[in-house]
Amino acid sequence: MKKNRLISGLIAIVFTSCIQDIEKLTEYPYKIGDVYSENGTVGIVYKVSDDGAHGMIVSLNEFEGAWGDTIVVNTKDSINGVKNMEVIRKKADWQKKYPAFYWCDNKNKDGITGWYMPAKNELEEILKQRGKINEVLATIGAISMFGKNYWSSTEYGKYEAYHADFIGGDMKYYAMKINPKKVYVRAVKRF
């Protein structure tokens, strides 16, 4: 048990050390591929606006699991995942019934807010920048997004939700919402 804690601690130190080194190199104005780190929030910039003052980041970590229940919940917004998260949060027992949403929402703690599950179009933007994002993930020793499928918060129908295929590089709509394996989620946040 002590050995596992020691190894986990060493991994955390190495990972944190790499992030701190990159933090010194990335600051406003941000550009795509920068590691964003402000006020306890860390992610990779995948979209910028206002000459790099604002944009979007994707989380460094991920969750593998089910999208959620197979009822139509009307998370139809393909542009803004915040709206889809608001729909899910109104459902009874949403934390248990919608694990991918809960994982994203659970990043909002210790004074950090704004993380959510990306909508279809937001996920497409990440997909377009996947080469640059994965290059940075490799540099800092984080988990790659290549070769996987990622959930969007946008529902396709009763049994399916849109997801990004990081294997073929396109959006799909036939992933079963209750599929607990082989589909991942990463949270996004505006800055």
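No lab work stands behind these numbers, since they all come straight from the coordinates. Computed from a prediction, not measured in an experiment: that's the story for all the values here. Cβ sites come from the backbone with ideal geometry, for glycine too, and all protein chains shown count toward neighbours.
Note that segment 2-190 shows a convex hull volume over its alpha carbon atoms of 125 Å³ per residue.
Taking label positions 7 Å along the Cα-Cβ direction at both residue 91 and residue 128, the computed distance is 2.9 nm, reported to one decimal. The convex hull drawn around the Cα atoms of segment 124-191, when projected onto a plane and averaged over every direction, covers 5.0 nm².
The label-point distance for residue 173 and residue 72, in a model that sets each label 7 Å from Cα toward Cβ, rounds to 1.3 nm. Would you mind checking segment 65-94 for residues with the amide N under 18 Å from a putative spin-label position 7 Å along Cα→C-beta of residue 165? In segment 65-94, the label zone of residue 165 (backbone N under 18 Å from the point 7 Å along Cα→Cβ) covers no residue. Compactness of segment 38-104 is given as radius of gyration and Dmax, 14.4, 42 Å, from Cα positions.
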